[in-house]
Amino acid sequence: MTNTDRFTLMIEALTELAVEAQSHQTEPAPHLPDLRSVLADLTPLPEEALFLGLADDGLPVLLNLYDPIPGPILIVGDQASGKTSLLRMIARGAEYLHLPENVQSGIITQYPDEWKRFEENQNTVGIYRTQDSSTIELLQSLVTWAHNNKGDGQAILLLMDDLEAITKLGQQAEQNLRWLLLRGPSRRVWPIVTLNSSRAKEMEPWLDFFRTRLFGYIENADEAQQVTGRSQFLTADLFKGSQFAMLEGNNWLKFWSPPIGQ
């Protein structure tokens, strides 16, 4: 049996578990292979590919860093739905798959301690506390860099944990953030942002920036409809902490976020 077959069998078992579970767990789904093992089985991937997760059929969910059409990415779900874990998995996957001269990550978070294991990562340009002045400087420097970048060469992942907090950094920072959300992907600056689903109504003016949304577990039906735009949705059926979904046209694509390990 190949590694791919084993992964597919494990994913099928986890999918059945997620459907049957009466309560949702906050820990990663049991027995899901760690990120390094998953990527070792999937590689080689295209050089422009950013790994977002593993679908139920065992195929990778990828973002083409050379194609700006998807735009910035919103990760939205309840508290403890795994939003930060997915963001960290994306950062670690970029490290495993890409040389620093090709892809780097700038991380904005209210809780830098959650990212300590990324400090020595050569793909990480910095970890910035949301409220610090250095975060405002980062946004400005990325706008300047993007203005000078014609869409060739290096890609920058702007990983922002909690959109709402970042929108409160002042007028200039907000203006730069809006520009990066609108123009960044066409200049290879990719904002990937988390939002707590309970704050979606208050953040509604910002939701229009995001055509591509990754949904974690959302229990409240009104909140789920707010962020999905659908009256029928499956967010309350997702395995909390490790399973996500996105819309592909009119269809739902469910996928898993592998644990990043040590």
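Nothing in this text is a laboratory measurement; each read-out follows from the coordinates by a stated rule. It should be emphasised that the depicted structure is a prediction, and the values quoted were computed from it without experimental measurement. FYI the Cβ positions are ideal-geometry reconstructions off the backbone, even for glycines, and counts take in every protein chain you see.
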By average C-beta atoms within 10 angstrom, highest first, the peptides 181-188, 206-213: 181-188, 206-213
Segment 63-122: C-alpha gyration tensor shape, a/c 1.5 cut-off, then a/b vs b/c: oblate
Lys, Arg +1 and Asp, Glu -1 on Cβ, resulting dipole of segment 25-106 about Cα centre, debye, nearest 20: 240 debye
Taking THR135, THR43 and counting other C-beta atoms within 10 Å, the order from fewest to most: THR43, THR135
Net lengthening on full extension, GLU48/LEU182 (0.36 nm per residue, minus Cα-Cα): 46.2 nm
R0 of 22 Å, Cβ-Cβ distance SER141-GLN110: FRET efficiency to nearest 0.05: 0.60
Non-local Lys pairs in the chain, i.e. 8 or more apart or on different chains, that have alpha carbons under 19 Å apart: 6
Cα-projected label distance for SER231 with GLN122, points at 7 Å along beta-carbon direction, nm: 5.5 nm
Rounded if a/c under 1.5, otherwise prolate or oblate - the chain, Cα gyration tensor axes: oblate
Among SER37, SER242, SER81, residue whose mean-square fluctuation peaks in a GNM of the chain (springs only between Cα atoms under 10 Å): SER37
Rounded, prolate or oblate (a/c below 1.5 giving rounded, otherwise prolate when a/b exceeds b/c) for segment 27-158 by Cα gyration tensor: oblate
